[in-house]
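Please treat every number below as a calculation from the coordinates, not as lab data. In this text the structure is predicted, and so the values were computed from the model without any measurement. Here the Cβ is made from the backbone with ideal geometry for all residues, glycine too, and neighbour counts use every protein chain on show.
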Amino acid sequence: MKASPEAQLRLLEVTDIDAELGRIAHKRRGLPEHAEITRLTDRDLVLRDAIAALTAQSSDLGREQNKAEADVEQVRTRINRDRQRLDGGMIASPKELENLQSEIQSLQRRQSDLEEIVLDVMERRETNQTALDESTAERASIESELHTATAARDAALAELDEQAAKATAKRGQIAESIAGELLDLYDKLRVQHGGVGAAALRQRRCQGCNLTLNTVDVNAIRAAADDEVLRCEECRRILVRTTESGL
């Protein structure tokens, strides 16, 4: 393949721009805001599920407390009724009187047990409500952090997009001065070699694979015409001669 030395040198400019575009793409993928947004979003999902579970548990505990308090009230009513019978002198039989007193004592023990249940449920409701309040507050804080992180990410992406657009426009301008056949070869090699399709020859070293050329290869390059498109024998990239080639 033939191409003017000037076109080959311009190919190095395209290489530099492609490297810049690669760095921009890497920065886009590696923005710290991406990881922060993912972390916050994952935590928000955990909190959302936790709040749903705590809310359901709160409702269950509320019903449990209402039932326990109703049971206490029912036992208390029976105690009051039995006491009224006892204090009203309505019972003449000693045996019946003894049974009534025994029932009152049994009901009092039952009332004490039920009141313990009520206290236990109230404590669990308080613990549940504390956890619910904390989770709700944390989720509100995460919403604010997400807004901030998203705004920062969008601003960073917009800046990188602007840089990429300028670099792409500049690449297009330079590419217009390079023969299509040479540019096609460059693009093909760029895909094959990790984004680098051409490399400069500096001090007898290929800047693509960083290997120093042997004497045979150096002599072959010296003998080649200026417009001949050379390839590195090691990495097969387009090898562009410069004033620093050391030939």
Checklist entry - Once both labels are modelled 7 Å past Cα along the beta-carbon direction, what's the LEU86-ALA155 spacing in nm? => result 7.6
Checklist entry - Using 1/(1 + (r/R0)^6) with R0 = 41 angstrom and r between the beta carbons of GLU244 and GLU143, what's the FRET efficiency to the nearest 0.05? => result 0.15
Item to check | Added length on full extension, which subtracts the Cα-Cα distance from 0.36 nm per residue, GLN192 to ARG124 | outcome: 18.0 nm
Checklist entry - Excluding same-chain residues fewer than 8 positions from LYS2, which lysines have a Cα within less than 29 Å of its Cα? => result LYS170, LYS188
Item to check | Among 35-42, 95-102, 202-209, the order from most to least packed when residues are scored by Cβ within 10 Å on average | outcome: 202-209, 35-42, 95-102
Item to check | Charged-residue dipole, Cβ positions (Lys, Arg, Asp, Glu), region 31-175 about Cα centre, Debye nearest 20 | outcome: 280
Next on the checklist: Here are labelled values, (i) 63; (ii) 19; (iii) 34, and one is the computed percent of Cα pairs over 30 Å apart for what I pasted. Which one?
Outcome noted: (i)
Item to check | Separation of the LEU97 and ASN210 label points, Cα + 7 Å toward Cβ, nm | outcome: 10.8
Checklist entry - Roughly speaking, what is the stretch gain from ALA223 to GLU64, that is 0.36 nm per residue apart minus the C-alpha to C-alpha distance, in nm to one decimal? => result 47.7 nm
